[in-house]
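Here's the structure, in structure tokens; my notes come after.
The values are calculated or read from the model by the stated rules, or taken from the named source; none is laboratory data. Note that the structure is predicted; figures quoted are calculated from it, not measured. So basically every Cβ, Gly included, is an ideal-geometry build from the backbone, and we count neighbours across all protein chains shown. Areas reflect the complete protein model, heavy atoms only, side chains present, ligands, DNA and RNA absent. Shrake-Rupley method; radii C 1.70, N 1.55, O 1.52, S 1.80 Å.
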Amino acid sequence: MITFSHLEKICGGQLLTLHRDKPVTDLVTDSRKVVLTEGSIFFAMQGERHNAHLFVKHLHEQGLRQFVVEQPVDINTFPEANILLVGSSLQALQALVKYHRSQFQIPVVGITGSNGKTIVKEWLYQLLSPDFKIVKNPGSYNSQLGVPLSVWQMQPYHQLGIFEAGISKPGEMHQLATIIQPTLGLLTNIGTAHDEGFESREQKILEKLKLFDAVQTLVYCADDKFIREAVTNLKATKIGWSFYGDATYRVSQQASELFLQRSGKQFNFKLPVTDKASVENLIHCIVLMLELGLDSEVIQQRINTLRAIPMRLELKQGINNCQLIDDSYNNDLAGLQISLDFINNIRKPKKTLVLSDILQSGLEEKQLADRMAMLIRQSGVNSLIGIGEVFVNQQHVFKNVVDRTYFFKHTDQALGQQELWNSLHDEVILLKGARVFQFEKIVNRLQRKVHGTRMEIDLSRLVHNLNFFKSKLKPGVKIMAMVKAFAYGSGSEEVANLLQYHRVDYLGVAYADEGIELRKSQITIPIMVMNATEESFDALLTHKLEPVLYNVAMLKALATYLSGKECCVHLELETGMHRLGLEPDVYAEAIALLKANPNMKVASIFSHLAAADGSKHDAYTRQQVLVYENGYKAFSEALDVAPIRHVLNSPGIIRFAEYQLDMVRLGIGLYGINPTSEPNQNLKPAATLKTIISQIKKIESGGTIGYGRWGKAETAKTIATIAIGYADGFSRSFSRGKGKVFVNGKVVPVIGNVCMDMTMIDITGVEANEGDEVIIFGDALPIQQVAESIDTIPYEILTNTSERVKRVFFAESI
């Protein structure tokens with residue numbers, strides 16, 4: 001374990017103060033995203049537009065105690081702090097992670113190139129996860145800061161690393177190479193992105209290749225002459241593939257059939273993709289998997305199950321029955337060709353390209369226009385909307401390239417042409433623009449507003465809540481996050497992936513099938529199954545799930561099934577919840593069974609607190625803990641083991657710090673629901689359930705509404721039908737005025753009975769239109785208030801939300 005006192009030697013600099021030596025576990029570089037743990041350390045960096053040193057005092061007030069700074073600070077201002085002064089906080093962080101990486105002797109794939117790095121990385125992760133426990137960059141964390149933050153995730157249980165590295169100028173790759181320390185290299189391709197940072201394309205290629213100076217094997221496409229020549233100076237074993245020339249693998253393609261030949265042996269694959277960019281990315285993955293020794297049949301099975309990766313290029317529904325291809329993140333010639341290949345594969349007769357100037361291409365204006373015209377001519381595009389000085393100055397070059405052309409100097413000028421945008425019907429529209437052109441304005445103009453019932457999950461709030469509970473824990477206390485019941489209605493896979501990234505120690509699910517789905521979604525951390533059954537034993541072992549044993553009969557059944565095979569188990573003790581658990585009178589029998597079956601490894605011993613949420617039952621809670629401690633002692637001493645101890649749930653974490661033991665179980669609190677009867681302003685509800693008004697009607701006095709005519713209009717009313725019903729989880733208990741919803745600033749009642757797919761509400765006196773948004777619960781209408789209206793609890797409201805309700809995940813920053 002690295003502690004703060006080690007940093008002076010590892011990172012250089014001067015130790016200003018060491019109040020108490022602590023471990024270094026969580027690296028913080030953004031004051032808005034603080035993980036407050038005993039091992040948190042903040043690297044204060046100064047850039048052109050920010051100075052993180054301005055937030056050091058605030059972080060200290062929040063409880064953070066370890067800092068690396070690059071500006072002198074008054075140590076008297078920061079009592080109890082550990083502070084290291086360095087020349088560069090970024091370089092200090094990189095040096096720390098370089099040292100951390102050197103502690104691991106696992107294979108690591110380093111990926112670089114101009115395009116496709118992230119998709120190749122994510123695909124390799126999907127394809128290789130059945131064979132390895134993999135650590136990788138989250139998203140596109142491939143920068144001088146993103147790479148070290150990614151590599152810091154590497155832990156002893158990882159078996160393979162996959163990291164992408166991106167650069168924008170000379171001198172950057174060497175630093176990333178020393179951090180990643182790849183043993184295998186993969187070069188995707190070289191385009192014109194970031195050309196402005198290099199004197200020539202050759203210089204950029206040579207800089208990128210520095211990632212592979214020490215790799216044993218390099219996979220690359222040999223069709224690029226510059227790349228083919230540049231790699232000759234590398235010491236690595238070079239594994240090239242080519243459609244056109246000599247290479248380790250000769251590649252050919254017929255429609256969706258791919259053929260690779262090496263040394264007289266042929267490998268055939270059926271591709272799930274056909275556009276040029278995806279084919280190229282997938283070939284890189286296939287060649288690397290072959291070099292790792294995977295059988296071609298296994299590779300075929302894996303690529304058949306590849307999931308789409310949300311990337312910068314997004315397919316969206318547009319107005320007037322159009323499809324939008326939103327690739328408005330960047331624009332270079334190589335990327336343009338890939339995007340045009342993509343649009344060419346969409347079977348719609350009408351295609352429009354909205355394209356900005358390509359910046360820093362290195363070409364003269366006329367040469368650039370000619371090159372773009374050539375690519376567009378081959379793409380099947382019918383209409384071109386060109387934005388920028390090059391298009392305006394060289395518009396004659398494009399006149400005969402497509403059927404219709406329109407040219408504007410800037411985006412706002414183009415947006416002013418309402419007739420042009422309204423004329424787009426039943427076509428595919430590709431938006432490809434450099435970021436400075438702000439094409440998101442055009443996307444917003446053309447995107448069809450998506451309506452319907454949906455639950456929005458704010459992932460940044462989930463992280464905030466996780467950090468709040470972490471801040472309550474003593475050093476070394478582990479966290480088990482409960483993701484049972486579809487992650488309390490929030491979406492298990494997405495929430496579990498986020499929790500895994502934020503390094504929770506365990507996940508808890510109710511049933512084996514929930515754990516199986518998480519394993520299929522590449523969740524690799526330990527998973528405890530609360531309600532395992534004999535029928536699920538085979539699945540538990542197959543997917544490395546850890547069952548809870550709460551009675552002797554189950555213990556016997558599992559021992560018989562295992563027949564000596566190893567399995568991690570968890571023992572639940574009955575201490576007063578009177579639900580599930582081993583009672584004291586069966587301890588001896590359970591201990592004898594465990595002694596006779598040492599292959600059943602007891603990972604933890606735990607219990608449930610019945611009433612930790614309020615002070616009324618505190619004496620009972622303490623009595624439960626006493627019973628638990630006696631039971632734990634009986635098992636641990638008899639078995640001569642020290643399993644993980646845990647009794648606290650979400651309310652217990654807040655109210656009983658003295659019982660944190662070895663681990664706590666974080667459930668409803670993670671989702672921002674206050675689990676106690678006491679006020680708590682620190683939690684942020686993460687879920688908002690929304691629907692829309694489908695229709696508005698005027699009801700005359702005496703009219704009735706809904707099934708059974710239970711809704712009655714004593715006076716003339718205006719009602720709205722909203723697109724949610726009991727099949728969506730909006731309980732019939734909300735019928736006849738008990739339920740309330742939030743419409744345009746007003747809380748309005750349900751009128752009549754809740755139907756299966758819709759509900760009527762009384763909006764008399766409220767300004768509203770069909771299509772307006774309706775909040776079922778959220779910041780405007782707290783879920784606690786909604787639950788109380790029908791005498792239930794927020795848990796039930798969240799978990800009752802049907803899986804047919806679309807979950808939409810978003811975050812300002814996570």
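Projecting label points 7 angstrom from Cα along Cα→Cβ for Q300 and V552 puts them 5.4 nm apart. Summarising the strand pairing of the chain, around 40 percent of its internal DSSP beta bridges are antiparallel.
Scanning the chain for GluC sites (Glu not before Pro) in DSSP loops with at most 16 other Cβ atoms within 10 Å, what's the longest stretch left with none?
Values: sites that count: E48, E80, E199, E364, E566, E700, E714, E767, E770, E803, E812.
Within the chain, the longest run free of exposed GluC sites (Glu not before Pro) spans 365-565.
Amide H contacts of T17 (H built 1.01 Å from N, in plane; Pro and chain starts excluded): I83 sit under 5 Å, all sequence-distant by 5 or more or on other chains.
Quantify, in whole percent, the carbon and sulfur part of the accessible surface of the chain (1.4 Å probe; protein heavy atoms only).
Numbers: 17300 of 35960 Å².
C and S atoms contribute 48 percent here.
At 1.4 Å probe size, with every protein chain present, just tell me what the per residue accessible area of the stretch 472-555 comes to in Å². Walk me through the numbers on the way to the answer.
Values: 3060 Å² over 84 residues.
Solvent-accessible surface per residue comes out at 36 Å².
Note on A214 and E714: their simple-model spin labels are 8.1 nm apart, each label 7 Å out from Cα toward Cβ.
Only four residue types carry charge here, +1 at the Cβ of Lys and Arg and -1 at the Cβ of Asp and Glu. Report the dipole size of the chain about the Cα centre in Debye, rounded to the nearest 20.
So the magnitude is around 680 debye.
The mean sequence separation of alpha-carbon pairs under 8 Å and at least six residues apart, normalised by the residue count of the chain, gives a relative contact order of 8 percent. Accessible area per residue for the stretch 591-725, computed on protein heavy atoms with a 1.4 Å probe, is 44 Å².
Is it possible to state the helix-based mean residue ellipticity at 222 nm for the chain, with each DSSP H run of 4+ residues giving -39500 (n - 2.57), the sum divided by total residues, to the nearest 500 deg cm²/dmol? What is it?
Details: 28 runs with 248 residues, N = 814.
Calculated at 222 nm, the ellipticity per residue is -8500 deg cm²/dmol.
Near K717, which lysines are there with a Cα under 17 Å away, not counting those fewer than 8 places off in the same chain? Cα-Cα hits under 17 Å: K697, K698, K740, K746.
Amide H contacts of R807: M455, each under 5 Å away and 5 or more positions distant or on a separate chain (H built 1.01 Å from N in the peptide plane; Pro and chain starts excluded). Simple spin-label estimate for Y561 and H6 gives 4.1 nm between the two label positions (7 Å along the Cα-to-Cβ direction from each Cα). Within the shell defined by Cβ-Cβ distances under 15 Å, the residues around A713 carry a net charge of +3, with Lys and Arg each +1 and Asp and Glu each -1. The Cα center of the stretch 581-640 and the Cα center of the stretch 129-166 differ in position by 38 Å.
Within the chain, which is the longest segment that contains none of the chymotrypsin sites (Phe, Trp or Tyr not before Pro) sitting in a DSSP loop with at most 12 other Cβ atoms within 10 Å? Walk me through the intermediate numbers first.
On the way: sites that count: Y157, Y244.
Segment 245-814 is the longest.
Put simply, the amide H of T3, placed in the peptide plane, has neighbours under 5 Å in V24, leaving out anything fewer than 5 places away on its chain. Using R0 = 41 Å, the C-beta based FRET efficiency linking H578 and H19 works out to 0.30.
Look at where the Cα atoms of the stretch 698-738 and of the stretch 208-248 average out, and the two centres are 69 Å apart. Cβ-Cβ distance of E364 and H410, R₀ of 25 Å, FRET efficiency by 1/(1 + (r/R0)^6): the value works out to about 0.70.
Residue pairs exceeding 20 angstrom between C-alpha atoms, taken from K544/K565; K136/K806; K348/K432: K136/K806.
Could you work out how much longer the chain between N382 and N444 gets when fully extended? Use 0.36 nm per residue separation minus the Cα distance between them, nm to one decimal.
Numbers: separation 62, 0.36 × 62 = 22.32 nm, distance 2.23 nm.
Full-extension gain reported as 20.1 nm.
Residues of the stretch 637-668 with amide nitrogen under 20 Å from the 7 Å Cα-to-Cβ point of Q62? Residues 654 fall inside that zone. Shape summary of the chain, radius of gyration then Dmax from alpha carbon positions: 30.0, 91 Å. In plain terms, the chain from K595 to I790 could stretch by 65.2 nm, reckoned as 0.36 nm per residue minus the Cα-Cα distance.
Between R732 and T764, what's the calculated FRET efficiency when r is the beta-carbon distance and R0 is 22 Å? Round to 0.05.
It comes out at approximately 0.45.
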